[in-house]
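Some notes on the structure that comes next.
The values are calculated or read from the model by the stated rules, or taken from the named source; none is laboratory data. In this text, all values refer to a predicted model and were calculated from it rather than measured experimentally. Positions of Cβ are generated from backbone atoms using ideal geometry, with glycine treated the same way; all protein chains shown enter the neighbour counts.
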Amino acid sequence: MRLAKALILALALPCAALAAERNDLQSCYTRNGLADIKPAGAGRELVVIIDQTIPMPDDLQRSSWAQIDRFVQPGDRVRLYTFSAFLPGEYQRLVYAGELDMPLQGDVRDDVNMRKLRALDQCLAGQKKAFQAGFGGLFVKGLRDARQDIPKSEIMNTLRRVGEDMSKEQGVDERVVYLISDMLEHSDYTSFYAANQIKQLNVANELKLAQSKGLYADLQGARVYVSGAGLVTDAVKHAYRSGKTMDALKDFWAQYLKASNATLEGFGTPSLSTDLR
């Protein structure tokens, strides 16, 4: 009876409330009975999005993980999405959502029982390793599960849906999106391919099409970084990709993101040459 009542109550809660409670990284404060004095987070969030329609080379996988590991600090929230296309068994997933704790400081720290304080400090010291194991394992799996035989890649629709999730969050003042993708849209809306190679985009026309199809997102002022842009599957790997073609691809995404309340800060073709900031 109690279980039934709890289930009914949970179903009655707004989706945003349920999403806000998810934390795949156990709080050290909760673990040590100190939840009532847990400091607020840093207000910074990293959203990592993996495109599973294009396998990434091993060196790019390693450099992408290094980017994330350098960026994440105590108090940060981190989310991990994977996507491909809306096919049986293939869809957008939020596979990780966690928040690292801030350390306890000042008078509040001085008032904590010494035994609990030692346990808290020990937990906080190991929390980054717990994040690396939990998030890191899912990150590697997300990259390794990529397949080049998926016929569609819905990047814009994915960003629109991620933006919808962002709009439901509270307590985030600064967002960084790290998108690991070839950035080659291939959907029912439009395709960046022609004659089995990357086509020369008419940026203005593609932007008008995105607007007419309702594909702009609201990414809440995020700074966006990309790794993997312009990578192609085996079927088109020998096709020539000119600098002009890649410049147009970057220009499209810069303008698309500007119209989606975000800024393109780094565009790796394929390797990202700047750190996440």
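Details
- For Leu143, the stated conditions do not hold, so it cannot be described as of a type outside the set (Gly, Ala, Ser), farther than 22 Å from Val224 by Cα and buried (at least 19 other Cβ atoms within 10 Å of the Cβ).
- On inspection, Gly137 does not qualify as of a type outside the set (Val, Ile, Thr), touching a residue at least 60 places away in the same chain (Cβ under 8 Å) and either surrounded by fewer than 22 Cβ atoms within 10 Å (Cβ to Cβ) or out of contact with any Lys or Arg (no Cβ under 8 Å at 6 or more places or on another chain) (or both).
- Residues of segment 99-111 that turn out to be farther than 27 Å from Leu80 by Cβ and buried (at least 17 other Cβ atoms within 10 Å of the Cβ), as a count: 1
- When each of Val112, Val108, Val177, Val140 is tested for being under 13 Å from the mean Cα position of the chain (by Cα) and not aromatic (Phe, Trp, Tyr), the lone residue that passes is Val177.
Residue-wise test of (1) among the aromatic types (Phe, Trp, Tyr); (2) out of contact with any Lys or Arg (no Cβ under 9 Å at 6 or more places or on another chain).
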{"residue": "Ala195", "(1), (2)": "no, yes"}
{"residue": "Asn205", "(1), (2)": "no, yes"}
{"residue": "Leu209", "(1), (2)": "no, yes"}
{"residue": "Gly214", "(1), (2)": "no, no"}
{"residue": "Tyr225", "(1), (2)": "yes, no"}
{"residue": "Asp275", "(1), (2)": "no, no"}
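- Residue count, segment 191-208 (criterion: modelled with pLDDT under 95 and among the β-branched types (Val, Ile, Thr)): 1
- When restricted to residues that are farther than 20 Å from Gln170 by Cα and either surrounded by fewer than 20 Cβ atoms within 10 Å (Cβ to Cβ) or at pLDDT 95 or above (or both), segment 84-98 contains 9.
- With respect to being closer than 20 Å to Leu80 by Cα, more than 15 Å from the chain's Cα centre (by Cα) and either basic (Lys, Arg) or surrounded by fewer than 19 Cβ atoms within 10 Å (Cβ to Cβ) (or both), Asp188 falls outside the description.
- Checking each residue in segment 18-43 for being at pLDDT below 95 and loosely packed, with under 12 Cβ neighbours inside 10 Å picks out only Glu21.
- Test: Val172 is in contact (Cβ under 8 Å) with a residue 40 or more places away in the chain and closer than 13 Å to Glu45 by Cβ: yes
- Cβ-Cβ distances below 8 Å connect the following pairs, each with a first residue in segment 252-269 that is on the phi > 0 side of the Ramachandran plot, a second residue that is crowded, with 18+ Cβ neighbours inside 10 Å, and a separation of six or more residues or different chains: Asn261/Gly163; Asn261/Ala217; Asn261/Leu219; Asn261/Gln220; Asn261/Ala222.
- Once segment 261-275 is narrowed to residues that are out of contact with any helix residue (DSSP H, G or I) (no Cβ under 7 Å at 6 or more places or on another chain) and buried (at least 21 other Cβ atoms within 10 Å of the Cβ), the residue that is farthest from Glu174 (Cα to Cα) is Gly268.
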